[in-house]
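One structure is given below, encoded as structure tokens.
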Amino acid sequence: MIPYVLTVRCASRRGIVAAISGYLAEAGCNITDAAQYDDLESGKFFTRISFAAETGATIEALRAGFAPVAEAFDMDWGIHDTSGRMKVLLMVSNFGHCLNDLLYRWRIGALPVELVGVVSNHMTYQKVVVNHDLPFWHINVTKENKPVAEARLLEVVEGSGAELIVLARYMQVLSDALCTKMSGRIINIHHSFLPSFKGANPYKQAYQRGVKLIGATAHYVTADLDEGPIIEQDTVRVTHAQNPADYVSLGRDVEAQVLARAVHAHAQHRVFQNGHRTVVFPASPGAYASDRMG
């Protein structure tokens with residue numbers, strides 16, 4: 001049986017769950033996992049339902065049959081075939097910790113995506129990427145050629161069929177036009193400090209101010225730099241005995257972990273944008289198990 005996932009976002013009202021479960025039962029489907037959330041502030045309802053079509057219904061038939069239910073409740077919805085994997089394009093500059101972490105997780109099957117290649121504005125990681133049998137595109141970016149460079153990037157996205165772009169420490173600001181065109185399909189990672197430090201060498205600034213917690217934030221990219229809806233965050237504690245180099249090392253570790261969790265959640269259709277915030281449902285049982293490890 002093919003595993004499917006139904007995602008729904010709509011205005012909250014009585015009868016939504018009954019309508020969904022009733023349709024799935026009539027279509028010969030068995031629900032295997034379900035999560036739902038009513039946001040009382042926005043008045044929105046969100047649900048993610050995993051199910052199996054026990055009578056062999058195709059995804060086209062399921063979508064066609066569900067359309068009247070969706071129309072009745074004015075749903076933003078999708079039915080996804082989870083036997084296939086989301087196509088993901090990685091982008092990186094000169095810091096490779098997130099790139100290497102994602103490549104490793106992908107290689108052992110712990111990241112449920114299909115990597116279609118890597119784009120970089122430097123040649124630093126070309127050999128690493130090629131050694132993973134992945135395409136590598138070098139797109140140099142300057143102030144003068146930025147529109148041309150982004151046009152080339154879009155060609156790569158369309159040619160590779162990428163459904164998601166992951167900025168694995170890609171140190172170029174994307175244009176407003178590109179952010180709008182790819183809204184909800186670009187994930188970025190950056191460091192998080194309490195208090196916040198910007199500019200050159202933020203880890204040194206954090207050390208000099210005696211910061212006790214450093215962390216990372218993964219979010220969707222919008223035209224507002226580093227202010228898109230947050231998907232995942234984490235922190236690690238540091239002490240007075242650690243130096244700036246320790247801060248950097250710990251920061252890289254938490255950045256890699258947070259980005260991987262964010263990509264995992266998006267690829268499994270567990271993230272719903274809710275205005276400037278997100279609803280992120282927990283992973284289903286076995287979602288992190290590798291299917292390539294013996």
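The values are calculated or read from the model by the stated rules, or taken from the named source; none is laboratory data. As the structure is a prediction and not an experimental result, all values here were calculated from the model. Please note: Cβ atoms are built from the backbone with ideal geometry, for glycine as well, and neighbour counts cover all protein chains shown. Heavy atoms of the whole protein, side chains included, go into the accessibility calculation; ligands, DNA and RNA do not. Shrake-Rupley method; radii C 1.70, N 1.55, O 1.52, S 1.80 Å.
What the table shows:
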read-out	value
Share, in percent, of DSSP beta bridges within the chain that are antiparallel, nearest 5	70
Expected 222 nm ellipticity per residue - DSSP helices of 4 or more, -39500 (n - 2.57), all of the chain, to 500	-10000 deg cm²/dmol
Backbone N under 15 Å from the V130 label point (7 Å along Cα→Cβ), restricted to the range 138-162	138-139
Spatially proximal lysines relative to K44 (Cα-Cα < 27 Å; intrachain offsets below 8 disregarded)	K181
Candidate lysines - alpha carbon under 27 Å from K212, same-chain residues fewer than 8 apart omitted	K198, K204
Simple spin-label estimate for E26 and R107 in nanometres, 7 Å along Cα-Cβ	5.1
A35-E158 FRET efficiency (beta carbon distance; Förster radius 41 Å; 0.05 resolution)	0.80
Farthest toward positive dipole pole in the chain [+1 Lys/Arg, -1 Asp/Glu at C-beta], among T278, V118, A67	V118
Solvent-accessible area, 1.4 Å probe, carbon plus sulfur percent, for the range 127-274	51
Measure of compaction for the range 103-249 (Cα Rg per 2.2 N^0.38 Å)	1.17
For the range 174-277, the spread of Cα positions along each principal axis, largest first, Å	45, 27, 19
Additional length obtainable on full extension of the chain from E144 to D176, 0.36 nm per residue less Cα span	9.9 nm
When the convex hull of its Cα atoms is projected in every direction, mean area for the chain (nm²)	17.6
Where trypsin sites (Lys or Arg not before Pro) fall in DSSP loop in the range 56-162, at most 16 other Cβ within 10 Å	R85, K143
Proximal aspartates and glutamates relative to K87, as straight alpha-carbon distance under 19 Å, when same-chain residues fewer than 8 apart are discounted	D101, E114, D133, E155, E158, E163, D291
In the range 27-76, the GluC sites (Glu not before Pro) that fall in loop regions by DSSP, at most 10 other Cβ within 10 Å	E41
Centre separation in Å (Cα based) which lies between the range 8-48 and the range 101-120	32
Calculated FRET efficiency for the pair L225/A151, C-beta based, R₀ 35 Å, to 0.05	0.95
